[in-house]
Amino acid sequence: MSWTLMDKCCPKCWHNPPSNPCPKYIECRIKGPLCHDSSECRKLRARRLNELMFGRHGIKVRVALASCTLAVGAADVYYAVQEFVRESGLAVDVDIVGCHGLDFIDPWIEVVKKGLPPAIYANVNPEEVSNIVSSYLSGDVSKAFAIKYRTGTAKGEFLVPTLDELEFWRKQVRLVGRNCGIINPESIEEYVARGGYLGLVRAIKKSPDEVIEEIRLAKLRGRGGAGFPTWIKWKAVKDQVSDVKYVVANAEEGDPSAFSNRLLIESDPFIVIEGMIIAGYVTGANKGYIFVGAEFDLAAERLKKAVEEARKYGLLGDNVLGSGFSFDVEVFQDAGRYTSGEETALLEEIEGKRSSPRVRPPYPVSRGLWGKPTVVNNVETLAHAAVIVREGWDRYATIGAEKSGGTKMVSVSGSVRRPGVYEVPIGTSVKTIIDGLAGGPPEGVKLKAIEVGGPAGGFLPASEMDVPLDYDELLKLGVAMGSGILIAIDEHKCIVDLVRQFMVFFVSESCGKCVPCRVGTREMLEILNRICCGEGGQEDLELLQELGETLKNASFCALGSGAPIPVLSTIRYFREEYLTHIREKRCPADTCPVSREVVRYEG
Amino acid sequence: MRGNVRVRVDGTEVEVDPKSVLLDAIKKAGVAMHSFCQAGEIYRGASCRLCLVELPNGKLVPACAFPVSDGLEVRTRTAKTLRVRRSTLELLLAYHRIECWACMRKGDCVLVKMATDLRLDGIPVCAECPLHPEECLLSKGILCLGPLTLAGCDAECPATSGRCWGCRGPVTREDIVVRALKRYMELGFNIGEVVETAEIFWSAHPFLEKIKLVTRGV
């Protein structure tokens, strides 16, 4: 194994965690050596940084491997690249990389050679790999989807846009997603080479109160859905007197069609861990858990690897970077249930119990995991905290809306030309995201509604698309921001049927603890079934609304009170569509059983 | 040792131990409350959602789990709380197999008390009838309309050995009617006779047509 950036450059380096850690270890990796001067050691670093960019032999092929690309055959592409390298005998490094979040170009590869512009190839077939790589190496990039920058040396270079020239890339503000699709998610080295863990270094130089103040001034609000100011949570836990405290990162992304957290962890697990260490330092916690959803196997694997590497280099464990503060992280993979994403249900599950929500108050900040004060934050929130500490609150607060700063990763899917994960400043209008970034609906299709925030979010009619993506603004229209999901719905989808499908999800995912959610969702589904089959009556709408209000007010946790929101918001905006089903016994989109001849079986 | 805290329940001020929950304060204030705390094992941990009370900011919280604090002000019988409680109990009853004529709970049933209080349809007179299933008038061959009639009268007639004539109107839930009519048939009553008796008080009730429809199916 050759020398890596994380290793000692020469025997003079005295970084030896945990007994004798060097506080300047991280800065030293890229700016170093700091404790002694040696051109030899400086050269060693420069050479390695160069190697990380272009590979050991000056040519590197990066294959994007994340759930989104693997689903469309990136594994085959990866094998094809390896096969090509073996057969051609070229000195090429093959590396893996996370995903940009541009799901419409999956599977993609990036080919880099010194002196040529790094080129990204979209929708790669395993058969095309040899053609792509050999034509690139001969200096022709005309087939590329985009290039990273221009060098003026390749053929067809000016026919291909650079990433920054692409509208959907330029309009994004990538703060937490800065490294997504750029670094190898399994190598801490590349993260550190891009300025990773500098946030942690800055944080432990300050007092916890200063860090909390910075988070407050940055106007960071929880990205999990409720939008609770993060600094209040942290301060509350910090002020608790307890010998044991915990930090829990919530990566149970249960909503269907939410994939931004998964992308973040799979492409850049380190930033989450960095944010957790900062949260631990600020609140005085010594133990962190990352609660990963059952279906996120790859994410859990990468997180575990990242935790191991951080431990190895003294970023986790006793006496982190010589600050005297100890912190360790454990990755916990759950059994996979929608309710597990609720902050108290998740604590129950870590304790080994059934994942039902707990009575609140007491809130987790005072009595959380095993009765100890606990910070429960979404992984994206923690990543934002790391960014704030690294970049400084003043820069961060200028991005975003008045009451909540920064950016949000949104997962856009449905009838759009460019589905994917986009990171936009909070307060960007939904229209900009759908039309500007995601490319709007395909040719000849008109959008009817935008589903915001997943099943527990709500539907916005296409006429209200100018609303900014902001916690308070969306609530005014009766929808919740949730975990940043936007689903574009065109005219060929029936709203009532969609709502019914969401309700099927809630019925099967309700934990069954409280009456309104357990029975109420079931009754609502029955009514929606009735309407879809053309057996609904006028009074069913009022019944739905009444049930919805009950669920909203009386449910035990936020998942139960979120369940009726799709129904309530569609009755508000799409009443006509319900009435067409009820009065005319007709489905406008022609997808419900009401508009078909149905064979009925008696009995 | 900290002193007691003052809580205002529907305008009445009470002093309670700072460690208690809202429900204790409400009980101390002498306000009747709907709750399933009797069935503690089933509805442990504030899950029945029937003791919801309103805070001044309009938020509904479960009284059985909400800790008291000094100066806390709650209202227990606002329109909103009653509407939500009524709806919740209705949901609970929807999955309760109602066969009160065969149930041993009799006068001890919490559901019937709450249902009458919240003006909720769905529980027959049998639930309040003190007669043990073995002493039931029906088993003696007396045509009592208890299984079909809405509870709320404390079952005065059956209790004093008279039969129920259904003066409070029918239970308007089809599944109960089906079960009740099956019960009549099991005991050897003529369904036509049952309907005839029901017509005395219910001839103008819209649900009678439905009952007649059901009799054809049974």
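The values are calculated or read from the model by the stated rules, or taken from the named source; none is laboratory data. Keep in mind that this is a model prediction, so the values were computed, not measured. Quick reminder, even Gly has a Cβ in these numbers, built from the backbone with ideal geometry, and neighbours come from all protein chains shown.
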Quiz item: Identify, please: which residue in region A:87-106 is loosely packed, with under 15 Cβ neighbours inside 10 Å and not polar (S, T, N, Q) and is, among those, nearest to A:GLY55 (Cα to Cα)?
Solution: A:ALA91
Exercise. Using the structure shown, decide if A:PHE54 is surrounded by fewer than 19 Cβ atoms within 10 Å (Cβ to Cβ), under 15 Å from A:GLU189 (Cβ atoms) and touching a residue at least 60 places away in the same chain (Cβ under 8 Å).
Key: yes
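Residue-wise test of (1) away from chain B (no Cβ under 14 Å); (2) of a type in the set (Gly, Ala, Ser).
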| site | (1), (2) |
| --- | --- |
| A:LEU486 | yes, no |
| A:ARG500 | yes, no |
| A:GLU509 | yes, no |
| A:LYS513 | no, no |
| A:GLY520 | no, yes |
Quiz item: What number goes with the only condition from (1) hydrophobic (A, V, I, L, M, F, W, C); (2) crowded, with 18+ Cβ neighbours inside 10 Å; (3) farther than 30 Å from A:PHE296 by Cα that A:ALA119 does not pass?
Solution: (3)
Quiz item: For A:VAL331, are the conditions met, namely being in contact with a strand residue (DSSP E or B) (Cβ under 8 Å, 6 or more places away or on another chain), outside any loop (DSSP other than H, G, I, E, B), within 30 Å of A:SER207 (Cβ to Cβ) and away from chain B (no Cβ under 14 Å)?
Solution: yes
Self-check item: Number of the exception - A:VAL211 against (1) modelled with pLDDT under 90; (2) over 22 Å from the mean Cα position of the chain (by Cα)
Solution: (1)
Practice problem: Only one of these is surrounded by 23 or more Cβ atoms within 10 Å (Cβ to Cβ), farther than 21 Å from A:HIS581 by Cβ and modelled with pLDDT of 90 or more: A:ALA449, A:ALA488. Name it. | Solution: A:ALA488
Quiz item: Of these, A:GLU391, A:GLU380, which one is surrounded by 22 or more Cβ atoms within 10 Å (Cβ to Cβ) and acidic (Asp, Glu)?
Solution: A:GLU380
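Each row is one residue, and each column tells you yes or no for (1) crowded, with 19+ Cβ neighbours inside 10 Å; (2) part of a loop (DSSP other than H, G, I, E, B); (3) modelled with pLDDT of 80 or more; (4) within 13 Å of another protein chain (Cβ to nearest Cβ).
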| position | (1), (2), (3), (4) |
| --- | --- |
| B:GLY58 | no, yes, yes, yes |
| B:LEU82 | no, no, yes, yes |
| B:LEU92 | yes, no, yes, yes |
| B:ILE98 | yes, yes, yes, no |
| B:TRP101 | yes, no, yes, no |
| B:GLY107 | no, no, no, no |
| B:LEU111 | yes, no, yes, yes |
| B:ARG119 | no, yes, yes, no |
Quiz prompt | Which listed residue, of A:SER267, A:SER257, is more than 28 Å from A:GLN240 (Cβ to Cβ), crowded, with 22+ Cβ neighbours inside 10 Å and polar (S, T, N, Q) | solution = A:SER267
Quiz item: How many of the residues making up region A:339-357 are surrounded by 22 or more Cβ atoms within 10 Å (Cβ to Cβ) and either touching an Asp or Glu at 6+ places or on another chain (Cβ under 7 Å) or more than 20 Å from A:VAL237 (Cβ to Cβ) (or both)?
Solution: 6
Quiz item: Listed residues A:PHE556, A:PHE505, A:PHE574; which is aromatic (Phe, Trp, Tyr) and within 14 Å of chain B (Cβ to nearest Cβ)?
Solution: A:PHE556
Quiz item: In region B:122-136, is there at least one residue being within 14 Å of another protein chain (Cβ to nearest Cβ), buried (at least 20 other Cβ atoms within 10 Å of the Cβ) and not basic (Lys, Arg)?
Solution: yes
Quiz item: Which residues, taken from region A:297-309, are touching a strand residue (DSSP E or B) at 6+ places or on another chain (Cβ under 8 Å) and either in contact (Cβ under 8 Å) with a residue 60 or more places away in the chain or not assigned by TED's automatic domain parsing to the domain that holds A:ILE204 (or both)?
Solution: A:ALA299
Self-check item: First in region A:132-153 and closer than 21 Å to A:GLU167 by Cβ and assigned by TED's automatic domain parsing to the domain that holds A:VAL92, second anywhere and at pLDDT 90 or above and among the acidic types (Asp, Glu), Cβ under 6 Å, 6 or more apart
Solution: none
Quiz prompt | region B:134-152, residues that are assigned to a loop (DSSP other than H, G, I, E, B), at pLDDT 85 or above and under 19 Å from the mean Cα position of the chain (by Cα) | solution = B:LEU145, B:ALA151
Practice problem: Could you look through region B:44-56, keep only residues that are part of a strand (DSSP E or B) and more than 9 Å from every other protein chain (Cβ to nearest Cβ), and pick out the one that is surrounded by the most Cβ atoms within 10 Å (Cβ to Cβ)? | Solution: B:VAL53
Quiz item: Which condition does A:GLY534 not pass, out of (1) under 25 Å from B:LEU82 (Cβ atoms); (2) assigned to a loop (DSSP other than H, G, I, E, B), if it passes all the others?
Solution: (1)
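Restricting attention to region A:466-480, report how many residues are surrounded by fewer than 19 Cβ atoms within 10 Å (Cβ to Cβ) and assigned to a loop (DSSP other than H, G, I, E, B).
Number satisfying all stated conditions: 4.
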Quiz item: How do the pairs read when you match residues in region A:186-199 that are over 17 Å from A:GLY392 (Cβ atoms) with residues anywhere that are part of a loop (DSSP other than H, G, I, E, B) and hydroxyl-bearing (Ser, Thr, Tyr), using Cβ under 8 Å and keeping only pairs 6 or more apart or on different chains?
Solution: A:ILE188/A:TYR313; A:GLU189/A:THR4; A:TYR191/A:TYR197
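Listed here are the residues, each with its yes/no results for (1) in contact (Cβ under 8 Å) with a residue 40 or more places away in the chain; (2) over 14 Å from A:PRO373 (Cα atoms); (3) assigned by TED's automatic domain parsing to the domain that holds A:GLY420.
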position	(1), (2), (3)
A:SER242	yes, no, no
A:ASN250	yes, yes, no
A:PRO256	yes, yes, no
A:ILE265	yes, yes, no
A:ARG311	no, yes, no
A:SER326	yes, yes, no
A:VAL331	yes, yes, no
